[in-house]
Amino acid sequence: MTAQTDMDPTPLDFDEAMERFDPVFGIEVHVELNTKTKMFCSCPTTFGAPPNTAVCPVCLGLPGSMPVVNHKAIESAIRLGLALHCSIAPSSRFARKQYFYPDVSKDYQISQYDEPIDADGYLDVTLADGSIFRVQIERAHMEEDAAKNTHIGGTGHIQGAAYSLVDYNRCGTPLIEIVTRPVEGTGAHVAEVARAYVAGLRDLVIALGISDARMDRGSIRADVNLSLRPKAAPGEDQSTVPLGRRSETKNVNSLRAIEQAIRFEAGRQAARLAAGLTVKQETRMWHEESKDTTPGRSKETAEDYRYFPEPDLLPVVPDPAWIEELRGTLPEPPAQRRARLQKEWGYSDLEMRDVVNAGAIDLVEQTVAAGVTAAAARKWWMGELARTANEQGVELVELTVTPQDIAELEQLIAGGKLNDKLARQALAGTLQGEGSPAHVMEARGLAVVSDDSALTKAVDDALAANPDIVEKIKGGKVKAAGAIVGAVMKATRGQADAGRVRELIMERVGV
Ligand SMILES: [Zn+2]
């Protein structure tokens, strides 16, 4: 039972916490690699396959089975290390991390301990105000994922569950764990920096093509630790003030939750410290519904895991020539690419941020490459298409519309075959799987009518119905013709060529 004195006082407001204390955070991010097979066996890595169908004696840890390292996983770890400015270890080793839990049937996880493959790097993250913050990375190491437990009954947690199920499909999936050094000097920007760091890592692994990076599917998971220390006295260097005791919040699985978890923990710890209580070094669980954390188990130390070198695997000794070859495969850093594209496209900061947040940067780039102006590409992807994706609860890339379709649509508009309104109808057809915009235009008979015989009749009808406007036009009020254009458009269900209609009106009125 928790003693009364261990109960947390009401958390302080985040801003007040930041006025009184200096935050220091660290993040461990697990990235699931998108290799075809698992880390140490040839089982496929699948998401959503029937439970326990992608398993073998190696990933289940049956006696006598022997692991073999996945070459592609090593390649991904080295490329990530290079992109994070890490040094790549000439030799690194796997170790056994011993613990008992149903999700590791071997009773140990194969990880790297004192010899990680990547060490001493950094990632520069851009904050909302445009400033750049450098997050130092201590290490990135390879390991295998555990199985997935599902607790049935109760609240979905192990406590109070009627029974639990284990799906071993995930166990043995290659992971890279990226560990920061303690991040100091953020002040009140602590939550923003933490979020931007994980977003930056996500963008980087996507650019490298080494993970599907879906936080909602758990392919990127973050454990966030935070501590507070007193503010330095005037004239004193903050970095000389000893660090406070930290808590680690597990499995924070969205960018927003990272920000919220840090803000909550800062307020909770500040309230304890302000009340003269200590902060316990412990693992805490983040609760998405209530936006708070509760204590998990006491934090294990390395000794608890009884690490020792994995005797069934040789050290990883990558050929320096191969490392150099991999260096040549690195993509343009995402932040640099964003800045370059924003300049090329002439977008404002806000417009660019919207495109990035919507995951539309590649789509816009491909649309522009297909010959569409940057402004038009943004108009379509961030307007009609973003709205549709939102309604259907899917990503933009999952829509049936391609950058080539947008290029075709723009050509039809430029060629006078579609006006804006008809173009939207053609696009709606493409979204419903009716084919390319040109195909939909033909099939639905959407093309703009510029044939004079059809238009002349509609113009004459509209003029006859509005004699007062005809008088105004004759009297020199050319703007009044707009009402006649509107009437003709209505009569032709928006399919008339507005420019030609205007010309015909002037002809018929005789001005
Ligand atoms: Zn297997």
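All other residues whose Cβ lies under 12 angstrom from that of residue 355 are scored, Lys and Arg at +1 and Asp and Glu at -1, for a net of -1.
With the highest mean first, a sort of the peptides 118-128, 221-231, 281-291 on other beta-carbon atoms found within 10 angstrom per residue produces 221-231, 118-128, 281-291. Between residue 508 and residue 375, the C-beta separation translates, for a Förster distance of 51 Å, into a calculated FRET efficiency of about 0.90.
Residues 509, 24 in ascending order of nearby Cβ atoms (within 10 Å, fewest first): 509, 24. Quick check: the distance between the Cα centres of segment 446-503 and segment 14-66, to the nearest angstrom? Segment 446-503 and segment 14-66 have Cα centres spaced 65 Å from each other.
Axis angle, to the nearest 10 degrees, between helix 71-83 and the longest C-alpha principal axis of the chain: 80 degrees. Can you compute log10 of I(q)/I(0) for the chain with the Debye formula, treating each Cα as one identical point scatterer, at q = 0.06, 0.07, 0.13 Å⁻¹? Values returned for q = 0.06, 0.07, 0.13 Å⁻¹ are -0.43, -0.55, -1.30. Its alpha carbons give segment 148-299 an Rg and a Dmax of 17.7, 59 Å. The angle separating the long axis of helix 420-431 from the principal Cα axis of greatest extent in the chain is about 50 degrees.
Ignoring everything except DSSP H segments at least 4 long, calculate the 222 nm mean residue ellipticity for the chain; use -39,500 (n - 2.57) per segment, divide by total residues, nearest 500. The partial results should precede the final answer.
On the way: 18 runs with 192 residues, N = 511.
About -11500 deg cm²/dmol.
Once the Cα-Cα distance is subtracted from the 0.36 nm per residue extended length, the residue 275 to residue 479 segment shows a gain of 66.1 nm. Sorting the segments 441-447, 44-50, 178-184 by their mean number of nearby beta carbons within 10 angstrom, highest to lowest, gives 178-184, 441-447, 44-50.
Were the residues from residue 468 through residue 155 laid out at 0.36 nm apart, the gain over their Cα-Cα distance would be 105.4 nm. Residue pairs exceeding 24 angstrom between C-alpha atoms, taken from 106/280; 379/479; 421/472; 250/291; 36/291: 106/280; 379/479; 421/472; 36/291.
Quick check: the distance between the Cα centres of segment 353-373 and segment 189-254, to the nearest angstrom? One Cα centre to the other: 29 Å.
Model label points for residue 350 and residue 131, set 7 angstrom from Cα along the Cα-to-Cβ axis, are 2.3 nm apart. Could you state the angle between the C-alpha long axis of helix 498-509 and the longest principal axis of the C-alpha atoms of the chain, as a value from 0 to 90 degrees rounded to the nearest 10? With both axes taken from Cα atoms, the answer is about 20 degrees. Using R0 = 35 Å, the C-beta based FRET efficiency linking residue 288 and residue 122 works out to 0.70.
A straight chain from residue 69 to residue 387 at 0.36 nm per residue would run longer than the Cα-Cα distance by 110.0 nm. Note on residue 20 and residue 85: their simple-model spin labels are 3.6 nm apart, each label 7 Å out from Cα toward Cβ.
Read the figures in this text as sums done on the coordinates, not as results from a lab. As the structure is a computational prediction, the values presented were derived from the model and not from experiment. A quick note on method: Cβ atoms are made from the backbone with ideal geometry, for glycine too, and the neighbour counts reach across all protein chains shown.
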